[in-house]
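Taking it in order: structure first as structure tokens, then the write-up.
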């Protein structure tokens, strides 16, 4: 289970970082969302992974650490608000700047090819 | 002595922020302004009361919901955190006053957002719990995102997009770091963490080290330390001057968190993990000073110039944090107060000058003369002298003190020449900016234009309140430096911190 869990978190982080490094705002927002999913999963695992252990005393012989679950809940709420904000900001950026590039202007592709051609 | 006083600097701004959205204040502009100024003044007075209470009775701990540490969340009021809370609330009062001249009407909900920002900053200063620190960081960040967009144009949207994305990644890294630290230490109370770090063995040591250094990445991002400082100049220069002045405290939150985490948790007593971040902090801080100074020299307008001065001040503060002696911390505390107030004053000045010079705005180039050359020029002179660090103002005292604190051979060899050269460069840049802006006219002032551009009295009061801080900080340097030494002693006193915080309610 640990291997599966860790690979899930790893793949999510990989995808998240890859998408955050893209030049358009939409992939960046998706990347941020994936990254925060990965972070939430990771935070959850800080209380150790286990089967059949309730987080409430008295329901099972052993009990799970309830604190990471509380932390994850807080992180989900905050992450949700932040994602909503960045989505709105990206839309406004698209409207204000006329394109969805994170720098607000599209790189001049022809120009790049020219300089490369000279090199 | 009132034990609930500790919570009030967090509670009042929160209630104020909500209250200002309610009908009696939400509808009427003048009501909202009066209420906002009054509420921020009340917060400031409460913070001062807390400051005196802590000064008299020593460090105080407040267990939220009476869940005692390390199980519940505690707020810790020690001399350092209360000093910074008072500084924040003072800055809040001044910025709200300044905004009442008309800046608050350029967008929605300005006053509420400022109160929420103060809530976040005060909470981050007072909290004794690492996860709670994250929560307060998010509170202050989301308020700052909206304030950054306040009354903004297209350039602003771009800067805000960068700032928000950077900080969202930073928050995610913060959570990873906290997850790792909780996983190995089993606690998030900073005092308890400090105790447990020393007991770690085997692989856990390396995990905790990874967590601790990930925290460094986060604080470096918030505080604008070298590789992660690139967001700052654009963000601060495109924000409205009053917002930028208020943001002067935000980089300090990052520096303060470094002070706490790397002095208390990973400090002297942390066994194998003591001083893990010190060498990183030291060299990055020096590089930050160099980059900030280059930025100051290259700045084409006043806003950018002041933003780069903020970077230099962050570099200086982090260098002092890296030295990790009581004297260096005391110098850092004094310098922190000084640099926050002076850079805030300079941001406001840059804004006022920009308003008066038509299309030249705050570019460092010949343009129409400013309307009140005596007032603005004199304020610029005082703030400039303070920020450069020339006698007799507060910058000089701070500079002498921090040079003395880094005198020992291993630090002084690098720090002294570098810092003094940086000061010289800042002297050149600020002098050039001041003389160009105030003395190089391109056209004469016409009476008609002069009528439109006069400064609102509220702005003058706010500007003077910040500008007189520099002379006052040097007049009262005696008591202030004693206070700073006391605060630094408390910060470095590992055993008393631990025993006070973990003893629960007092």
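Structure above, values below:
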| item | result |
| --- | --- |
| Proxy reagent accessibility, fewest Cβ within 10 Å first, across A:91, B:6 | A:91, B:6 |
| For B:155-165, mean number of other protein chain Cβ atoms within 10 Å | 5 |
| Angle in degrees between helix B:457-467 and the longest Cα principal axis of chain B, rounded to the nearest 10 | 50 |
| The protein assembly as shown: calculated mean residue ellipticity at 222 nm from DSSP helix runs of at least 4, using -39500 (n - 2.57) | -24500 deg cm²/dmol |
| R0 of 22 Å, Cβ-Cβ distance residue B:106-residue B:34: FRET efficiency to nearest 0.05 | 0.70 |
| In degrees, nearest ten, helix A:66-97 long axis to first principal axis of chain A (Cα) | 20 |
| Distance histogram in 10 Å bins (all Cα pairs of the range B:3-501, percent per bin) | 4, 20, 32, 27, 12, 3, 1, 0 |
| A:56, B:37, B:93 arranged by Cβ crowding within 10 Å, fewest neighbours leading | A:56, B:37, B:93 |
| For A:71-79, mean number of other protein chain Cβ atoms within 10 Å | 5 |
| Neighbour-count ranking [beta-carbon atoms within 10 angstrom, fewest first] of B:125, A:35 | A:35, B:125 |
| Relative contact order of chain B, defined on C-alpha pairs under 8 angstrom at six or more residues apart (%) | 16 |
| Chain A, relative contact order [Cα under 8 Å, separation at least 6], % | 21 |
| Nearest-0.05 FRET efficiency for residue B:230 and residue A:61, computed from C-beta distance (R0 41 Å) | 0.15 |
| The range B:180-194 versus the range B:97-162: alpha-carbon centroid distance in Å | 29 |
| Rounded tilt (10° steps) of B:302-323 against the dominant C-alpha axis of chain B | 20 |
| Beta bridges per DSSP with both ends in the protein assembly as shown, % antiparallel, nearest 5 | 80 |
| Volume per residue of the C-alpha convex hull in the protein assembly as shown, rounded to whole Å³ | 181 |
| DSSP-defined beta bridges in chain B - what % are antiparallel, rounded to 5 | 90 |
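Values quoted throughout were computed directly from the atomic coordinates according to the rules given, and no laboratory measurement underlies them. All figures in this text were calculated on a predicted structure; none of them were measured in a lab. Quick reminder, even Gly has a Cβ in these numbers, built from the backbone with ideal geometry, and neighbours come from all protein chains shown.
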